[in-house]
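The numbers here are math on the coordinates, done by the rules we state, and not lab data. All figures in this text were calculated on a predicted structure; none of them were measured in a lab. Glycine also receives a Cβ, built like all others from the backbone with ideal geometry; neighbour counts cover every protein chain displayed.
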């Protein structure tokens, strides 16, 4: 709790609005130290990852976000954008990571893209179903065309045989 209060106090001192923004934004905000231990987390992040604040503070970030994005940002020494998901929590997200100037902290702003990903998956499934249905219709049409061609071939052959017999009858009568 002390780490959270310190982060809150720091945020409040920098601007009277920052604390309110951090608490009210729909995006998850997570701040970690250089060892990627969680030092601050806002309510949106807790809701997104279905965790209580007590579970998070002091813990490695990778345990909750299930990726090494903070480690990579710290190693790179700068900003990083990452797209990832946590199937166990049924969440997909994009996160922008950046260092906090003058502090030994890195911040990640998490944007929940779960609905967007579900819509994309639904569209992929719909396309796959449509393609399968189109293939089924094409196959049925080909089968029907082959049956019609077969029937036409049979009747054409029968007609030819009948006409040849008729022509030979007429030729016999001529002679």
What angle, in degrees between 0 and 90 and rounded to the nearest 10, separates the Cα long axis of helix 2-14 from the longest principal axis of the Cα atoms of the chain? 90
Most mobile of 46, 34, 127 per a Gaussian network model of the chain (Cα springs, under 10 Å)? 127
Alpha carbon centre of the range 86-130 versus the range 29-47: separation in Å? 16
Only counting other Cβ atoms within 10 Å, I'd like 17, 106 sorted with the fewest neighbours first. 17, 106
For the range 114-175, rounded, prolate or oblate, judged on the Cα gyration tensor with a ≥ b ≥ c (square roots of eigenvalues), a/c < 1.5 rounded, else prolate if a/b > b/c? prolate
With N residues in the range 2-112, what two-decimal value do you get for its Cα radius of gyration over 2.2 N^0.38 Å? 0.98
Any idea what angle helix 114-174 forms with the longest principal axis of the chain, computed on alpha-carbon atoms, 0 to 90 degrees, nearest 10? 10
Full-extension gain in nm, residue 148 to residue 121, via 0.36 nm per residue minus C-alpha separation: 5.7 nm
When the helices in the chain are scored as -39500 (n - 2.57) per DSSP H run of 4 or longer and the sum is shared across all residues, what 222 nm value do you end up with, to the nearest 500 deg cm²/dmol? -19500 deg cm²/dmol
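Just want to confirm a number: the relative contact order over the chain, from Cα pairs under 8 angstrom separated by 6+ residues, in percent. Numbers along the way, then the final one.
Values: 206 pairs, mean separation 27.1, N = 175.
It comes to 15 percent, rounded to a whole number.
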What spacing in nm lies between the two simple spin-label points modelled at residue 84 and residue 165, each 7 Å away from Cα in the Cβ direction? 8.3
